[in-house]
Amino acid sequence: MAISKKQQELDVIKWKKSEEIGADACGSFDYCAKCDKALENPCDKAFTAFNTKPVAKKAPAKKPAAKAEVKVATAPAKKVEAKAAPAVKVAPAAKPAAKPAAKKAPAKKSK
């Protein structure tokens, strides 16, 4: 089992903190949330996993969706009090001229 350089650095930091608090500091760091003690160099792997941004998965290309009818909500119209329009006098319409009565044709005499 080869110990990585980063694992050695983290072991030194962990040792010094353990002496300061008078107890084992294993599991007290933020990166310990990613720790799997069954792995080789667990602190190194947990530290790397904790400080690595997750790779954003590219979403699969979507087929264009059918166009949906979009209904836009509108606010109800405000009631506006109508002002009375000024009275306008209109001249009465002229009566059309009467047509002259058609002349009646003379009745035919029967023989």
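We did not get these values from a lab; they are worked out from the coordinates using the rules stated. Predicted, not measured: the structure shown is a model, and the values here were computed from it. Please note: Cβ atoms are built from the backbone with ideal geometry, for glycine as well, and neighbour counts cover all protein chains shown.
For the reader, a short list of remarks on this structure follows.
- Listed values for the range 44-51 are Karplus-derived 3J(HN,Hα) couplings in whole Hz (6.51 cos²θ - 1.76 cosθ + 1.60, θ = phi - 60°), namely 4, 5, 5, 4, 5, 5, 5, 9, and x replaces Gly and Pro.
- For the range 1-49, radius of gyration divided by Kirkwood radius, i.e. Rg to Rh on alpha-carbons: 0.96
- The trypsin sites (Lys or Arg not before Pro) of the range 1-64 meeting both criteria, a DSSP state outside H, G, I, E and B (loop) and at most 16 other C-beta atoms within 10 angstrom of the site's C-beta, are LYS37, LYS57, LYS58, LYS62.
- Residues whose placed amide H lies under 5 Å from that of ALA25, excluding near-sequence neighbours: SER18
- Using a simple spin-label model with pseudo-atoms 7 Å out from Cα toward Cβ, ILE3 and VAL55 lie 3.1 nm apart.
- Working from label points 7 Å from Cα in the Cα-to-Cβ sense, the LYS37 to ILE21 distance is 1.4 nm.
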